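Before any comments, here is the structure.
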Amino acid sequence: MRRTRSTAALVAAAVVAGGLALASPAYADPTPTGTFRQLVGVGSDTTQDVLNALAGDTVNGKSYSGTAVKSAGGAGIASYDAIEPGTGSTSSNITTRSGGPSFLRPNGSGKGRLALSESLTGDKYPDSSGVAIKGQVDFARSSSGPSTSGTALTYIPFARDAVGVAVKGSALNSLTQDQLHDIYSGALTQVGGQTVHPKIPQSGSGTRKFFLAAIGLTDATLSPNIPTVQENQADAALTEDGALVPFSVGSWIAQNNGVAPDFSKDAAAAGGHLAAVQLPDDTGATSPVTTVNGKLAPVNAYYENATFGRDVYNVVPSRAIDPNSVFFDKDLYDVFVTTGSHDAALASDAAEGVIASFGFVNEPYNGSVSVNKHAKLGGLEESGIDTSTPSAPTGLKGAPGDASLKLSWTAPAPTGLPLTDYRITLTAPDGAVTVKDVPASATSYTFTGLANGAYSATVAGANLNGTGAAATWSGSVKFKSTTTATAATTAYGKIPKVVVTVAGSHGVAPTGKVTVKEGSTVLGTGTLDASGKVTIGLSNHLKVTTHTLSVSYAGNSKLNASSTTATLKITKATASVSSTAPSSISHTAQAKVTVKVTATGTTPGGTVRIYEGSKVLATGKLSGGKVTITLPKLSRGKHTLHAFYAGSATVAAKTGANFTIKST
């Protein structure tokens, strides 16, 4: 079972009396000793006991195992005290994971937040002389808000507490804010004839930080003559009349009601008590506590006061409670976060009963992660680190697909803290925003199942400090179209035709224009009919060769553009050769033969020869598809002749029909 702080007081007394030296235990806190649980918390003395109880441990002799808080997946809390149970040592070590490093126990809110920060960065805790504690802490108990600006850490309100002033001596029964300011600045040394002996909690204490702010001071303006004591331990602080020390009211109630380990009952028995304080704008003093059925209880007016009332927090990495983050920790979220229909396990009736029993007030906003509902955001609490976030990724491009969008980018320049992930947002035509987180190794992401319309997207790199500047893209997302095309072999001079069919996905009918090109030259265009088809006629004078055509559909308001290729073979035109010659001629005369060559869609040119058998008698050049050729004198007799067209680059060669000339 957990060794209580009352035991610690007895052991400490024995050490002083007998000069004994007690070794710090290697394992402590979650009971039994050596127990490890998933959700590790360190830090504030103010909330350590109630968190110990909520973890299901034994606190001040009472077991809280029946009301242990766990996540939906069964993960429990491991809450480690600010000082070592059983000895009161502030220099002992803790080990929070099986096989993990042993490191100095974080004492107070500030040290707890520092340990959480260095658990994230992997740096040494508490400084360069310590050990690296990456992954050893999941949350920090804190009785004060952030000390640094930023968004790396979320301060989740856990309960309402107040800071009172524990005093000894009737002259200090009632104090004002101004008196407290003057006492702790060193300007006021007596109240009501009583010399005052102010004490202040240790450096890093959330109660110290909060109290100084409440009375208008800082560590820099605090009197250097005021001694430091361990927070919330009245026995050690109220040792003489006129002594006073800031104190968590919840802790005072829990200790004096016997719920929390006791470091204050002896002081209370000797006249120590919480002073009434005149709250700002009030005309009289208000006591922080009242008595109900013989037990101390909070005074709500004091707790709710904006100056002396305070929220106490469980501080978690912001990315760990973001359901969109690649670092989302469902167990941490289940235990600590209340949002929408999701209630934190710490907000159950049983948990709130435990919280109230330790002197705190449950508020409806407990568990909220909204800065409008008492949550706070802060930066990493580690000095000397680069606090910059990544610059915007470069070269962001969007490639719309079939109801999809692929975004691609180049990583931004490195920062002091390494890039951890990218936050991508996509805003739909109806204004709905989709958020996606991807690891730092990714340089692209594809959204699918999108509706038609105009979209905008952002991509921003993140590191532990938070999300950096975003690159932006905007454009339209449409459905897929598929284009097919065929072209039949066509003779030169005839009109080649490309038959194009475009199909749309998701039942969308394609409409619009189709273009046929060869290289960069447009050969023809056409508009799709209602069935998504078009036949495009091209020039009938394309070169005789095999053409590779690009056929592209321009798309429409709902369909993406698409393209394909088609092969078109142009062959030479077929010629028709006709000859006109006299049927007879004197052997002393020269006959003239007129040859006409025709082809569809073109006027042939080139050479024509007149043959008798295989012998060439004469040649001529076509002009306008005709040529008249004068033959040599023919010997007497019957001569069977034919014309031969030799062809051209565009018209095939052709032999004409035989004709007869009789030479007399």
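Observations on the structure shown:
- Cα-based Kirkwood hydrodynamic radius, region 481-571, one decimal, Å: 13.1
- Averaged over residues, the count of other Cβ atoms within 10 Å places the peptides 52-65, 649-662, 162-175 in the sequence 162-175, 52-65, 649-662, highest first.
- Considering only the Cα atoms of region 52-208, their convex hull presents on average a projected area of 13.1 nm².
- Region 376-503, Cα convex hull volume normalised per residue, Å³: 144
- Based on alpha carbons, the Rg and Dmax found for region 73-153 are 12.7, 38 Å.
- Each residue of region 44-50 was assigned a 3J(HN,Hα) from its phi angle through the Karplus expression (A = 6.51, B = -1.76, C = 1.60, θ = phi - 60°), giving 4, 5, 4, 10, 5, 5, 5 Hz with x at Gly and Pro.
- Percent antiparallel among DSSP beta bridges (both partners in the chain, rounded to 5): 85
- Reachable lysines, given that their alpha-carbon falls under 22 Å from the alpha-carbon of residue 124 and they are not under 8 places away in the same chain: 111, 134
- Antiparallel DSSP beta bridges within region 159-276, percent to nearest 5: 65
- Over all pairs of different C-alpha atoms, region 576-663 has a mean inverse distance whose reciprocal, the Kirkwood radius, equals 13.0 Å.
- Mean residue ellipticity (222 nm) of the chain, computed from DSSP H runs ≥ 4 via -39,500 (n - 2.57), nearest 500: -3500 deg cm²/dmol
- Given +1 at the Cβ of Lys and Arg, -1 at the Cβ of Asp and Glu and no other charges, the dipole of the chain around its Cα centre is 7760 debye to the nearest 20.
- Long-range HN-HN contacts of residue 453 with modeled amide H, under 5 Å: 477
- Alpha-carbon Debye profile of region 402-474, log10 I(q)/I(0) at 0.25 Å⁻¹: -1.15
- Per residue convex hull volume, Cα atoms of the chain, in Å³: 226
- Violating pairs (Cα-Cα greater than 27 angstrom) within the set 330/406; 592/654; 62/373; 517/558; 295/376: 330/406; 62/373; 295/376
- Relative to the Cα centre, the charge distribution of region 161-308, modelled as +1 at Lys and Arg Cβ and -1 at Asp and Glu Cβ, gives a dipole magnitude of about 180 debye.
- Computed from Cα positions, the angle between helix 109-121 and the longest principal axis of the chain comes to roughly 30 degrees.
- Taken along the Cα-to-beta-carbon direction at a fixed 7 Å, the label points for residue 270 and residue 571 span 11.9 nm.
- Solvent-free Debye scattering, log10 I(q)/I(0), computed from the Cα coordinates of region 149-198 at q = 0.18, 0.23, 0.31 Å⁻¹: -0.65, -0.84, -1.35
Read-outs: derived from the displayed coordinates by stated rules, not from any lab. Here the structure is a predicted model, which is why all the values come from computation and not from measurement. All Cβ positions, even for glycine, are placed from backbone atoms using ideal geometry, and neighbour counts span all protein chains on display.
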